[in-house]
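Have a look at the structure below before the remarks.
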């Protein structure tokens, strides 16, 4: 799932300057956890853990995926609605999606 409306450089700048950035979810690969068009807050300070939803820089494309197994410098990741796993280095994990606002 790519993020929409904000370019990679802007997100990286916000994360470096403020420690967090807001991004828009684009696509359905994280359904039902996250929905197309939903805004999320990505936090840079928290160290990623297995099961976290994270923002990754996948070759210049920003993607929001769930983190799986961690092996040395490598993390497995995938969208909740996708059967396919990807692999990323720790430096490609830009931040962890923070807690979502609970609906009333």
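The values are calculated or read from the model by the stated rules, or taken from the named source; none is laboratory data. Quantities reported herein were computed from a predicted structural model and do not represent experimental measurements. Here the Cβ is made from the backbone with ideal geometry for all residues, glycine too, and neighbour counts use every protein chain on show.
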*Mind counting the residues in segment 89-98 that are more than 12 Å from the chain's Cα centre (by Cα) and crowded, with 20+ Cβ neighbours inside 10 Å?*
0
*When segment 21-41 is examined, which residues are found to be assigned to a strand (DSSP E or B) and either in contact with a helix residue (DSSP H, G or I) (Cβ under 7 Å, 6 or more places away or on another chain) or more than 17 Å from residue 7 (Cβ to Cβ) (or both)?*
21, 23, 41
*Which members of segment 45-100 meet the condition of being in contact (Cβ under 8 Å) with a residue 60 or more places away in the chain and more than 17 Å from residue 8 (Cβ to Cβ)?*
79, 98, 100
*Looking at residue 16, is it modelled with pLDDT under 90, surrounded by fewer than 17 Cβ atoms within 10 Å (Cβ to Cβ) and either part of a loop (DSSP other than H, G, I, E, B) or more than 10 Å from the chain's Cα centre (by Cα) (or both)?*
no
*Identify, please: which residue in segment 65-104 is in a loop (DSSP other than H, G, I, E, B) and in contact with a strand residue (DSSP E or B) (Cβ under 8 Å, 6 or more places away or on another chain) and is, among those, modelled with the lowest pLDDT?*
100
*Kindly provide the set of residues from segment 59-79 that are surrounded by fewer than 16 Cβ atoms within 10 Å (Cβ to Cβ), out of contact with any helix residue (DSSP H, G or I) (no Cβ under 7 Å at 6 or more places or on another chain) and within 19 Å of residue 23 (Cβ to Cβ), ordered by number.*
59, 61
